[in-house]
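Step one of this worksheet: look at the structure below.
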Amino acid sequence: MADATTIKEELEKMEAEYEPLLPVEKKLIIWSIGFGIGLLFVLVWISYTFFPASHG
Amino acid sequence: MRANIVKFNIGFFFVFWLSYLCWFIGHYAYFAATDAKKAGVPWSLKLTGEGGFIFALLLGLIIGNFFRPFAKFIGEALKPEFYIKTAIGLMGALIGLKSAEAFGLASAVLFRGLCAIVEAYLIYWALVYFIARKWFKFSREWAAPLASGISICGVSAAIATGGAIKARPVVPIMVSSLVVIFAVIELIILPFFAQAFLWKEPMVAGAWMGLAVKTDGAAFASGAVVDALVRAKAETAAGIKYEPGWMLMAASTTKLFIDIFISIWAFILAYIWCAKIECKPGEKVSGREIWRRFPKFVMAYAITFIVILLISAPHAPKIKPVEAQIDKIKKEITSIEKQLPTVADPVQQATLTAKLDENKKKIKELQESIKESKNIVSQTQIATSGTNSLRVLFFLITFFTIGVMSDFRKLWEEGIGKLAIVYLICLFGFILWIGLLISYIFFHGVKPPVITG
């Protein structure tokens, strides 16, 4: 395990030397959430249609 | 595992017997009995025998936090990941048999588990990564393993992501320490929460444990506890006796798919980091990389599952309908037998006797038709009950060792306060609730088989 003070210092230093979000990171976040929400409807339809399991 | 065999054996001696002691205490009627009157005690916590898991965790936590020299002494045998992976391998057989007996339900649980984790992955990871980067100003090197650790599957995800983005080893190690602490907290709280509020939706409760509780050990363990607690509550509150193991199956299915998916997610991240963020000339991400990151223990589960499923699937589904038919005929026989002495007319008597004989013959034929299937299924049951006892033992040891390894003071001293705040906000802010919503969407109304008779 690394020296505790080093990690503490590193975590504190990160705020001062902030790396802004790159366009590719923003894209990853937006695509991931958007795809997740879109896919939710498709997967719900597939599971209820092809894998029914006595819904009450 | 590169363990010192002598030290491991000495440590394992204590780990085994202390865990077993907890199992023994867990079966004390005051803690375990679901019906206190039947057990001959005035009151009971109704935890079922599997409450022993909770005692093992608590004893482990006491040792890890108050008897540190002893925890260090048995340190070589504290390998919860090894124990739980062995248990998972053994569990495949049990789930295989259950799936054969209720194939429709099992395939629905498997598919819905897969859907649930795809959703959880896509939504959780991106949200945690965004919060860590934007609000808490973490660097990419810290934010990505933290997002995987908090949102996906704890230790293995943090390590796989750390490897995928080429983070320094200390980053996933720190994240993993945090994951273990919170997994223990979740393990203590969530099953009881699920018992109180989700006992009418048992499979939602099981899947929620798989989605919300990080680390394999804690997730499987919480699945087992939820299984016991919810079954106990359903039995005492509504008189419904659910077949054991189905909630655990929902939890383990979602967790196993998560484990499999880690390699895919790690590959996606490795590709993005390599191609778009830290692009180095000549560096490529290959299919071999996916295989390298693939959690291999999942294969043990898959093999035992498939072998038992293949053996019992052609036979198990035949038995229940035929037995139901036999039961129906038996009831008919009882009714005729009651009717017979009251009938004076010889013609009617002869008709009833003929019907009686015909029914008896029918029963014999039906019994004969499933004789071979019953024989095969009973042999499979004997085999899986043997492996199941071992699985329970490994589960128990996992609980105990997770507890011993959770030295809260030491981890706090290592400066994980800021990481802990992100974890706390994400976990209680949305991970638990989105996980619950996803579990509800895919598993509401799905009920485990009920034990009759």
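The values are calculated or read from the model by the stated rules, or taken from the named source; none is laboratory data. The shown structure was predicted, so the numbers you read here are calculated from the model rather than taken from an experiment. Neighbour counts run over all protein chains shown; Cβ positions are idealised from the backbone, glycine included. The area values use the complete protein model at the heavy-atom level, side chains included, leaving out ligands, DNA and RNA. Shrake-Rupley method; radii C 1.70, N 1.55, O 1.52, S 1.80 Å.
Residues in segment B:343-385 that are among the hydroxyl-bearing types (Ser, Thr, Tyr) and touching a residue at least 24 places away in the same chain (Cβ under 8 Å) were compared, and the one that is most open to solvent (accessible area, probe 1.4 Å) is B:369.
Here segment B:61-86 is the region considered, the condition is being touching an Asp or Glu at 6+ places or on another chain (Cβ under 9 Å) and of a type outside the set (Asp, Glu), and the residue that is nearest to residue B:311 (Cα to Cα) is B:85. Only one entry in B:72, B:79 is away from every other protein chain (no Cβ under 14 Å), open to solvent by 10 Å² or more (accessible area, probe 1.4 Å) and without any contact (Cβ under 8 Å) to a residue 12 or more places away in the chain, namely B:72. Residue pairs whose Cβ atoms lie under 6 Å apart, separated by 6 or more positions or on different chains, with the first residue in segment B:248-259 and closer than 12 Å to residue B:217 by Cα and the second among the hydrophobic types (A, V, I, L, M, F, W, C) and outside any helix (DSSP H, G or I), do not occur.
Taken over segment B:252-281, the criterion of being at pLDDT below 75, charged (D, E, K, R) and open to solvent by less than 10 Å² (accessible area, probe 1.4 Å) is satisfied by B:259 alone. Residues in segment A:18-55 that are more than 27 Å from residue B:106 (Cα to Cα), among the β-branched types (Val, Ile, Thr) and either open to solvent by 80 Å² or more (accessible area, probe 1.4 Å) or at pLDDT below 90 (or both): A:24, A:30.
Restricting attention to segment B:406-430, the residues being open to solvent by less than 80 Å² (accessible area, probe 1.4 Å) and at pLDDT below 80 number 10.
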